[in-house]
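Report on the following structure.
The values are calculated or read from the model by the stated rules, or taken from the named source; none is laboratory data. All values derive from a computational prediction rather than experimental measurement. When we count neighbours, we look across all protein chains shown, and the Cβ atoms used for this are built from the backbone with ideal geometry, even at glycine.
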Amino acid sequence: MKRKLEISELVFKIISYTLLTVFALMCLYPFVYAVSASLSGINAVEYNQVVLLPKDIQVEAFKRMFSDNMFWNAYSNTLFLTIFGTIWCLIYSILGAYALSKKRLLFRKFFNFFLVFTMWFSAGIVPQYLNYLQTKAVFNKVGIWDDKWLVVIAMGMAAMNIILLRNAFEEVPQEIEEAAIVDGATEFQVLRTVYIPMSKSTIATVTLFFAISRWNGYFWARQMISNGYEKPLQVFIRELLEQYQDPEFTAGWNEVYSPDSIIYALIVCSIIPILIIYPFIQKYFAKGTNVGGVKE
Amino acid sequence: MSDSRAIAKAADYLVYDKEKKVYRQDPEQAVRDDVEKHYWLHVLRTIAKDWRLYVMLVPMILVFLFWRYFPMYELLGCFKVSDQTLPVADQLFSGFYNFKILLMGSDTMSLEFFRALRNTFVLSFYGLIFGFPIPIILALFFNEIKSNVLRSVYQVLTYLPKFMSTVIITSLVIMLVKQGAQTSSMGIISQALEKLGLISYDVGNAGLLNQPQFFRAIFIISGIWEDAGYGSIVFFAAIISISPTSYEAAQIDGAGKMAQMRYVVLPSILSTIVIMLITKIGSLLSIGYEKVLLLYNSNTFITADVVSTFANRYGLEGASKGIASAAEMMSNVIAMLLVIGANTIARKASDTSLY
């Protein structure tokens, strides 16, 4: 049955389309501006002639950046941290969540509390910093000199992700697991052949969360990585921004592009990987935030 | 007395057999007694039998122990005289000296601490007031779009800022409201605001982030820009689960759009709203210090400095580690009480607990 739209509904529809369009464009605009500004000439950028589309197009800013070894260094460091950090976090999170999802686990309540308490109370920056310094000393003693490994191993844990995984594992039907055990599967085989395939979408969500937090990690990487060649991209961007904000550094600038264009170019390069995988993973986001029904 | 207890104890061992209509000994009780007597032996035996499960738990426990719980031990430094060369256990005990300096001292550090505490509350409170309703409104708007393709286009666009790093977001903010100089004009957003008559040319030209009165607005608006789209997912999920028959019933009763909102949509998503509100109140104090750290500068300390950045300045960049940890200790304890309180209320209010 088709019904005529009432006036109030029509008005609300118009309002929602308009405001949504405005908001969506607001969300997009800074990124479009960044792309345009990174491609525009010096005068166009400095005097705000770039509003939406690039003007006096040049690609020198990108060229300058791509010819910078430190940029590629930073990029590969970020890739390294993201890939290994995500894998490491996934390994212990999946194993731990699997164990926690078993009702027969002794002291299950205690282990759950052990995790959840870290979400309630954090020690703060200074104690954490001292702790990382000690970890660094221990790592050096063992022979791990790269601070990269410190960042990979000691950072990025998230109790929330483990709880998401645990809840997904709890929903796997018992019968399938029992069938696997009757067939002689060990605990690890059950996890690999039953649990992981059956909670693929949650694992994808959690992987995404880990990877994004790794790709975007900044503060502790800046604090703990002392070697300039090991710095990740985010630290590189920030340090370059601080450098270019200094008027003395840019005095006597004599290029076809503005110093700002380099920063914009860097920003564009940093978000391109996210933009590329974004449409493919977007459908998983909704699941990840659906934590309202988390049970103890 | 002792007789009745002995009888009660004996009753534990007896179960009534319905078929034979006699009492017989309960074989399980003997096992239960054994477990009670040799509790830890049984624990060990269970673990040994099921060792694979417990081995799986070990890496996670170690990671959290080393890098989440050991820092809490390090936090004891707030009761000590801070000394960089000694481990925290060997430092001299100073009682509540560090807390006294922060709470009752009359020097700048104490003033700055109270300023930081106030700023933390103000920033997160404003963030809650202005930031909370917008995802709900967005979700209502998303619900109006019946075309799936169009809606997912809008969703993709509005979720986008959430996946950008804090460094990228803050770099963009810094560049878009930057100050003008001899060879360059002010940032494009500043210029737009000036064209709209919201700020004067001089104000825009001095750089909005250099003036304390704009910091809160910039922080909160950029926060909304970043989070609103992604935050609407939860509410949108609640709205699309409303059965279409509810709307039809309301329409037949002659309800207009506003009446439908009031009597159909709002009651259905109220529990989600309450839960989200309580969670937000619980995390009122855990404000993203990274973003503040990246956006503020010495000109805007007066409105921008929060407890974590205060601790960063005195503890990491300065040498007052004890005082900095004391400051964080206080704010984190308040934060924890807020979270636990909020969670308790949520549990009472709606049977759904978050943790």
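Values for this structure:
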| read-out | value |
| --- | --- |
| Near pairs, Cβ below 7 angstrom, 6+ apart or cross-chain, from the range A:251-265 (within 9 Å of A:A37 (Cβ to Cβ) and within 11 Å of chain B (Cβ to nearest Cβ)) to any residue that is at pLDDT 80 or above and not in a helix (DSSP H, G or I) | A:S261/A:S40 |
| Of the criteria (1) within 13 Å of the chain's Cα centre (by Cα); (2) away from every other protein chain (no Cβ under 12 Å); (3) under 21 Å from A:I125 (Cα atoms), which one A:S213 fails | (2) |
| Test: residue in the range B:265-281 that is among the small types (G, A, S), within 28 Å of B:V156 (Cβ to Cβ) and at the interface with chain A (Cβ under 8 Å from one of its Cβ atoms) | no |
| Index of the failed condition, B:D253 passing every other in (1) free of Cβ contacts under 8 Å to residues at least 12 places away in the same chain; (2) in contact with a Ser or Thr (Cβ under 8 Å, 6 or more places away or on another chain) | (2) |
| The range B:22-68, residues that are within 40 Å of the chain's Cα centre (by Cα) and exposed (fewer than 11 other Cβ atoms within 10 Å of the Cβ) | B:Y39, B:W40, B:A48, B:K49 |
| Residues (closer than 18 Å to B:R115 by Cα and within 9 Å of another protein chain (Cβ to nearest Cβ)) located in the range B:310-332 | B:A311, B:N312, B:Y314, B:G315, B:A324, B:S325, B:A327, B:E328, B:M329, B:S331, B:N332 |
| Set B:V58, B:V88: member being closer than 25 Å to A:W120 by Cα and touching a Pro at 6+ places or on another chain (Cβ under 9 Å) | B:V88 |
| Number of the exception - B:A192 against (1) without any contact (Cβ under 8 Å) to a residue 24 or more places away in the chain; (2) surrounded by fewer than 21 Cβ atoms within 10 Å (Cβ to Cβ); (3) at the interface with another protein chain (Cβ under 10 Å from one of its Cβ atoms); (4) not in a helix (DSSP H, G or I) | (4) |
| Scan of the range B:315-328 for residues that are in a helix (DSSP H, G or I) and surrounded by fewer than 23 Cβ atoms within 10 Å (Cβ to Cβ), ordered by number | B:L316, B:E317 |
| Filter result (more than 7 Å from every other protein chain (Cβ to nearest Cβ) and either in contact with a Cys (Cβ under 9 Å, 6 or more places away or on another chain) or surrounded by 21 or more Cβ atoms within 10 Å (Cβ to Cβ) (or both)) within the range A:95-114 | A:A97, A:L100 |
| Elements of type helices (runs of 4 or more DSSP H) in the range B:96-166, at least 3 residues being in contact with a Ser or Thr (Cβ under 8 Å, 6 or more places away or on another chain) and closer than 27 Å to A:Y218 by Cα | B:108-131 |
| The range A:228-277: number of residues that are assigned to a helix (DSSP H, G or I), of a type in the set (D, E) and outside the structural domain of A:T78 (by TED's automatic domain parsing) | 4 |
| Top-ranked residue of the range B:85-131 - restricted to ones that are of a type in the set (V, I, T) and modelled with pLDDT under 90, ranked as nearest to B:F301 (Cα to Cα) | B:T108 |
| Segments classed as helices (runs of 4 or more DSSP H), wholly inside the range A:1-106, with at least 3 members that are within 29 Å of the chain's Cα centre (by Cα) and either under 24 Å from B:W225 (Cα atoms) or of a type in the set (D, E) (or both) | A:7-39 |
| Scan of the range B:172-182 for residues that are free of Cβ contacts under 8 Å to residues at least 40 places away in the same chain and either hydrophobic (A, V, I, L, M, F, W, C) or facing chain A (nearest Cβ under 7 Å) (or both), ordered by number | B:L172, B:M175, B:L176, B:A181 |
| Single match in B:V156, B:V122, B:V177 (criterion: within 25 Å of B:N332 (Cβ to Cβ) and of a type outside the set (S, T, N, Q)) | B:V122 |
| Residue within the range A:149-172 that is part of a loop (DSSP other than H, G, I, E, B), over 21 Å from the mean Cα position of the chain (by Cα) and either surrounded by fewer than 21 Cβ atoms within 10 Å (Cβ to Cβ) or assigned by TED's automatic domain parsing to the domain that holds A:W220 (or both) present | yes |
| Considering residues of the range B:110-164 that are β-branched (V, I, T) and either without any contact (Cβ under 8 Å) to a residue 12 or more places away in the chain or in contact with a His (Cβ under 9 Å, 6 or more places away or on another chain) (or both) only, the residue farthest from B:I278 (Cα to Cα) | B:V149 |
| The range B:73-128 - residue that is touching an Asp or Glu at 6+ places or on another chain (Cβ under 7 Å) and within 13 Å of B:K321 (Cβ to Cβ) and, of those, surrounded by the fewest Cβ atoms within 10 Å (Cβ to Cβ) | B:Q91 |
| Any hit, the range B:136-150, residues being among the aliphatic types (A, V, I, L, M), surrounded by 21 or more Cβ atoms within 10 Å (Cβ to Cβ), within 19 Å of B:T300 (Cα to Cα) and assigned by TED's automatic domain parsing to the domain that holds B:L284 | no |
| Some residue of the range B:62-80 being touching a strand residue (DSSP E or B) at 6+ places or on another chain (Cβ under 8 Å) and more than 8 Å from chain A (Cβ to nearest Cβ) | yes |
